[in-house]
Amino acid sequence: MSQSLEELQEFHWMMDMLQSVDVGIVVLDRNCNIQIWNGFMESHSGLLPSDVRDKSLFELFPHIDQNWFKQKTKPVFELKSRAFLTWEQRPYLFKFANYRPITGSESFMYQNITLSPLVSATGKVDFISMMIYDMTDVAVGKKQLESLQVLMSEAQERSQRS
């Protein structure tokens, strides 16, 4: 098999993997225009990659605070360092419905987000990737645990008073 055919096959299965992984993958340019939108994002947003390519993240998702988000991406572009957004700080970036039957008590998907620089061969960062992880099960579990701890504390206080 020729070298270029092997490279093409490798590229094909890598793209297939990016489309089918259970994590959202979005690539943004410096103006926050969407360049890549994988299958996870398509299925949760209802938007096809062709619907979002080269469009502004903020026009498509006006609920995202542009100034806040750009502050989060600045060190990724400028310092070539990762940035993290956790569901504890902000429950979600994309307000996707919760489709998990076990955690149906929540109406939206809790998310953790990793912002990573995509460094070119010249060492410049013109694009960043966002990986969006569904943390709904973890968030619901933590909220239930905290609620149980409050109930136990209240019961303990009542038993000490009597």
For this session: Please go through region 125-162 and pick out each residue that is small (Gly, Ala, Ser) and within 17 Å of the chain's Cα centre (by Cα).
Result: SER129, ALA139
For this session: Determine, yes or no, whether SER56 is surrounded by fewer than 13 Cβ atoms within 10 Å (Cβ to Cβ), at pLDDT 95 or above and small (Gly, Ala, Ser).
Result: no
Exercise. What helices (runs of 4 or more DSSP H) completely inside region 17-61 contain at least 1 residues that are over 20 Å from ASP126 (Cβ atoms) and aliphatic (A, V, I, L, M)?
Worked result: 39-45, 57-60
Exercise. When you go through PHE84, PHE96 one by one, which is the residue that is touching a strand residue (DSSP E or B) at 6+ places or on another chain (Cβ under 7 Å), under 25 Å from LEU28 (Cβ atoms) and surrounded by 14 or more Cβ atoms within 10 Å (Cβ to Cβ)?
Worked result: PHE96
Exercise. Pick from LYS142, LYS70, LYS124: which is charged (D, E, K, R), touching a Cys at 6+ places or on another chain (Cβ under 9 Å) and over 21 Å from GLY39 (Cα atoms)?
Worked result: LYS70
Problem set entry | Filter result for the condition that a residue is in contact (Cβ under 8 Å) with a residue 40 or more places away in the chain and small (Gly, Ala, Ser), over SER107, SER56, SER129, SER81 | SER129
For this session: Would you tally the residues in region 88-126 being under 15 Å from ALA139 (Cβ atoms), modelled with pLDDT of 95 or more and of a type in the set (Gly, Ala, Ser)?
Result: 0
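The values are calculated or read from the model by the stated rules, or taken from the named source; none is laboratory data. Here the structure is a predicted model, which is why all the values come from computation and not from measurement. Cβ atoms come from the backbone with ideal geometry, glycine included; neighbour counts cover every protein chain shown.
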